[in-house]
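Here is the structure we will look at.
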């Protein structure tokens, strides 16, 4: 359980940093942006909640339905998988 919490915490920190960097790059003309697939990869690896909260807070990509619908769906999926995982661990042991 401790490893899981460390993983999720680290994934959220990385996702938040990526979101802040992408917002910073978006403000600069000609700056290379972080590809959307990399942002979604960070979200899928456990950083969806941090990324979604950061995007809402800094108003980044809030007009992109792909993010404003996709990230909450990933969050729900991750909560479901966490609950199932906890249940399976408790049932096994």
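Just so you know, all these numbers are worked out from the coordinates, no wet-lab data involved. None of the values given here were measured: they were computed from a predicted structure. When we count neighbours, we look across all protein chains shown, and the Cβ atoms used for this are built from the backbone with ideal geometry, even at glycine.
Classify region 32-75 from the C-alpha gyration tensor, please: rounded if a/c falls under 1.5, else prolate or oblate depending on whether a/b exceeds b/c.
Working: a/c = 1.37, a/b = 1.04, b/c = 1.32.
In terms of gyration-tensor shape, rounded.
Given a Förster radius of 25 Å and the C-beta distance between residue 13 and residue 65 as r, what FRET efficiency does 1/(1 + (r/R0)^6) yield to the nearest 0.05? Walk me through the numbers on the way to the answer.
On the way: r = 26 Å, r/R0 = 1.04.
Efficiency at R0 = 25 Å is approximately 0.45.
Take the alpha carbon gyration tensor of region 2-92, find the square roots of its eigenvalues, order them as a ≥ b ≥ c, and report rounded if a/c is under 1.5; if not, report prolate when a/b exceeds b/c, else oblate. Mind showing how you got there, number by number?
On the way: a/c = 3.06, a/b = 2.14, b/c = 1.43.
Verdict is prolate for region 2-92.
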